[in-house]
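Undergrad: Here it is: the structure, laid out below.
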Amino acid sequence: DSDHTASISGSTDSDRTPVRVDSQDSQVSDTETITDGHRWPRQNSLSMREWDIPFEELRIGEAIGTGRFGTVYRGYWHGDVAIKVFKMDNLNDEKALDQFRIEVSTFRKTRHENLVLFMGACMSLPRLAIVTSLSKGMTLYTHIHLRKDKFNMNKTTIVAQQITQGMGYLHAKGIVHKDLKSKNIFLENGKVVITDFGLFSVTKLCFGNRKNNALGIPAGWLCYLAPEIMRSLKAHQSHDDELPFSKASDVYAFGTVWYELLCGEWPFKGQPPEAIIWQVGKGMKQPLANLQASRDVKDILMLCWSYKSGDRPDFIRLLTILDKLPKKRLARSPSHPIHLSRSAES
Ligand code: ADP
Ligand code: MG
C-alpha cells in the first residue's frame with residue numbers, strides 16, 4: 001500500500017518530503033489528484049455510490065453521546081460499530097449536501113492506524129449517518145479534563161507523535177480535519193485514534209437554520225481556532241460563510257492539544273469567548289510562564305500557534321521535531337519510535 005506509507009516514511013527523511021503533493025490547501029477536489037502519482041478520475045456526485053449502507057441494515061443501539069452534528073449511537077453492522085446520525089434541519093441545501101457527499105467519499109480512502117476506520121455512510125435523505133469502528137478507549141478529553149490523568153513527558157511525546165502521523169497522512173490525502181480537538185482523539189491501549197476528520201462542513205446542513213445563538217460557538221471549541229479563523233468569525237456570522245480552515249489551521253489545533261497534554265487544561269481557561277477571540281485575533285498567545293517544560297517543548301507550542309499560517313510547520317516537520325525531543329530511559333530507534341513502541345505492545 002505504497003500511497004499510505006509514503007507520507008509516513010517521509011517523516012524520517014526530510015529531503016524527500018517536498019515531493020509530496022501539498023500544493024493546494026485543502027478541499028475535496030484536489031484529493032482526487034493525489035496518492036501515488038496517479039491522477040484519479042474526478043468523480044461527480046451523481047455517479048458516486050458513497051451512500052452505500054442502507055439505513056435499514058444498521059441496528060442502532062443505545063446513544064453514546066451527542067455532539068454538534070447529532071447523536072452517536074453504539075450499533076451493529078457486521079460487528080460493533082459507532083453510528084453518527086446527523087441532525088438535519090436544512091435538507092434543501094442541495095449544494096451543501098453534495099459537498100458533504102463528496103467529502104465523505106474521500107474518507108473511504110483513509111487507511112491509517114491512527115485514524116478511525118471509516119466503514120461507510122447512509123446518504124439518503126432525510127437520514128444521514130456515518131458508520132465507523134467503535135472506539136473502546138477513552139478520549140484524550142476524558143483523560144485530561146475529566147479524569148485529570150497526568151501524562152509524563154514520554155507518554156505525551158508518544159501520543160503527540162501518533163497524532164502527528166495520523167494528521168500527516170490525512171493531509172497527504174488532501175483532507176483537512178477542521179475539528180482536531182481532544183474530544184476527537186481516542187486512546188486505545190496506548191494507541192491514538194483520530195475521529196471526525198472533515199465532518200465540519202456538515203454543520204451547514206445541521207444548523208443552517210439556526211436563528212439566534214450569534215456566533216454558534218460550542219464550549220471548548222474556540223481555543224482550537226487559528227487567528228485567521230477567529231478573525232473571520234468576527235467578520236462574518238452568516239452560516240453561509242466558509243471559515244478559512246486549512247492544513248495550517250489543523251496544525252494550530254494540534255498546538256492546543258499539545259498544550260492540553262502538557263498542562264492538563266485548555267489555553268485561555270476561564271476567559272469569556274469575546275476575550276479569547278479578541279486576543280487570538282490580535283496574535284496574543286496563552287502565556288507559558290507557569291508551564292514547567294523545556295525550551296524545545298515550548299517551542300513546539302510557539303511554532304504551532306504562529307500567528308501567520310505560513311510560519312506553522314507541517315505535520316511531517318513536527319514529527320521530526322518530536323522525534324528529536326530527549327527521551328528518558330526508552331531504547332527506541334530515533335527514526336522509528338512509534339513502530340517500535342507498537343511492536344512492544346503486541
Ligand atoms: P464530540 O466529538 O464533540 O464529543 P461527537 O458527536 O463526535 O461529539 O461524539 C459524541 C459522543 O460519542 C462522544 O462522547 C464521543 O466520545 C462518542 N464517540 C464518537 N465517535 C465514537 C466512536 N467511533 N467510538 C466510540 N465513541 C464515539
Ligand atoms: Mg467527535
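Undergrad: Taking region 263-313, which residues are open to solvent by 50 Å² or more (accessible area, probe 1.4 Å) and in contact with a Cys (Cβ under 6 Å, 6 or more places away or on another chain)?
TA: 266, the sole residue that qualifies.
Undergrad: While we're on this one: Which residue out of 55, 69, 100 is touching a helix residue (DSSP H, G or I) at 6+ places or on another chain (Cβ under 7 Å) and either near ligand 1 (Cβ under 10 Å from one of its atoms) or over 27 Å from residue 221 (Cα atoms) (or both)?
TA: 69
Undergrad: Residues being touching a His at 6+ places or on another chain (Cβ under 8 Å) and in contact (Cβ under 8 Å) with a residue 60 or more places away in the chain: count how many of those fall in region 152-171.
TA: The number of residues fulfilling the criteria is 4.
Undergrad: Further question on the same structure: Among the candidates 49, 111, 127, single out the residue that is at pLDDT below 85 and touching a helix residue (DSSP H, G or I) at 6+ places or on another chain (Cβ under 7 Å).
TA: Just one listed residue meets the conditions, 127.
Undergrad: If I filter region 163-170 for residues that are more than 21 Å from residue 253 (Cβ to Cβ) and either open to solvent by 30 Å² or more (accessible area, probe 1.4 Å) or of a type in the set (S, T, N, Q) (or both), do I get at least one hit?
TA: Within region 163-170, not a single residue is more than 21 Å from residue 253 (Cβ to Cβ) and either open to solvent by 30 Å² or more (accessible area, probe 1.4 Å) or of a type in the set (S, T, N, Q) (or both).
Undergrad: With the requirement that a residue be modelled with pLDDT of 95 or more and among the basic types (Lys, Arg), what does region 130-149 give you?
TA: If the condition is that a residue be modelled with pLDDT of 95 or more and among the basic types (Lys, Arg), then 147, 148 are the ones that fit.
The values are calculated or read from the model by the stated rules, or taken from the named source; none is laboratory data. A quick note: this is a predicted structure, and the numbers were derived from the prediction, not measured. All Cβ positions, glycine included, derive from the backbone under ideal geometry; neighbour counts span all protein chains shown. Remember, those area values only see protein heavy atoms, side chains included, never the ligands or the DNA or RNA. Shrake-Rupley method; radii C 1.70, N 1.55, O 1.52, S 1.80 Å.
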